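Take a look at the structure below.
The values are calculated or read from the model by the stated rules, or taken from the named source; none is laboratory data. Note that the structure is predicted; figures quoted are calculated from it, not measured. Cβ atoms come from the backbone with ideal geometry, glycine included; neighbour counts cover every protein chain shown.
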Amino acid sequence: MSPDPGCKVDATIDRYGLESADPRHESLNAGLLARWRGTDGHSEVGYRTITEWFNKRLLKRVYDEQGRESIESQLDGDYQALTADDELVREETIERLSAVGIDGEQVHGDMVSWGTMKKHLTECLNGTKERATARTDWERNSIAVAQEVVIEKVDEALSSLATKGELDGVSSSSVEVQLHLHCDECPTRVPLTVAVERGYVCERHSDREGETTESTNEQS
């Protein structure tokens, strides 16, 4: 499929020569679809994870061309700094890259958002993927076990505080643990059990936006 001149993903692929940046596939776009769908040996991922993967390929290509170390830990750290909400951290990283001949401002500007990646996959590449029908419970069991461990540890700590005389009423109280998930894009906050049951944390910022009523947010 020829690049769409109006698509930022295609424009970035062309500008940085990323078409061959995924050696496991004949093209980068083929690799994007495979990772998103969970085919060709890949685990299925959401829009945010595939966007991060793409942006790091961009960063790695720039680093390789400039002779800068591009090991995974270096890329992870610089990527998190470049995309941080903390403007000072981002500016310091851009300045550090500038000192070694890399236009960090340009690189940051050329990175794509998850919304742009979603449009690229579903509209430019006409990508679709089937929803899994089989349901396993190991994830829910893991959550339940984690909650039990937390309750056990808190109980132990409270018992110790009671023994030291630093907390009264422990023997007549019980510990309850309620996990919540908070959307990074807006104030939405929901109990984990509710999010798991309905399949998303925030409908507005869900990876399945447009596949449910307006309609999975999301990592390899």
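Looking only at residues in the stretch 31-49 that are assigned to a helix (DSSP H, G or I) and either of a type in the set (Lys, Arg) or surrounded by fewer than 17 Cβ atoms within 10 Å (Cβ to Cβ) (or both), the one that is nearest to the chain's Cα centre (by Cα) is Arg48. Note on the stretch 190-219: among residues that are of a type in the set (Val, Ile, Thr) and either within 18 Å of Thr49 (Cα to Cα) or at pLDDT below 50 (or both), the one that is surrounded by the most Cβ atoms within 10 Å (Cβ to Cβ) is Val201. Which pairs do you get when a residue that is within 30 Å of Leu167 (Cα to Cα) and surrounded by 12 or more Cβ atoms within 10 Å (Cβ to Cβ), found in the stretch 127-156, comes within reach of a residue that is acidic (Asp, Glu) and at pLDDT 85 or above, reach meaning Cβ atoms under 7 angstrom, with the pair 6+ apart or on two chains? Listed by first residue and then by second, the contacts come to nothing, as the list is empty. If you go through the stretch 83-93 and keep only what is at pLDDT 90 or above and surrounded by fewer than 19 Cβ atoms within 10 Å (Cβ to Cβ), you end up with Leu88, Val89, Arg90, Glu91, Glu92. The sole residue among Tyr63, Tyr79 that is outside any loop (DSSP other than H, G, I, E, B) and under 20 Å from the mean Cα position of the chain (by Cα) is Tyr79.
For Glu52, the criteria (1) closer than 18 Å to Ser70 by Cβ; (2) among the charged types (D, E, K, R); (3) modelled with pLDDT of 90 or more; (4) surrounded by fewer than 16 Cβ atoms within 10 Å (Cβ to Cβ) hold in every case but one, which is (4).
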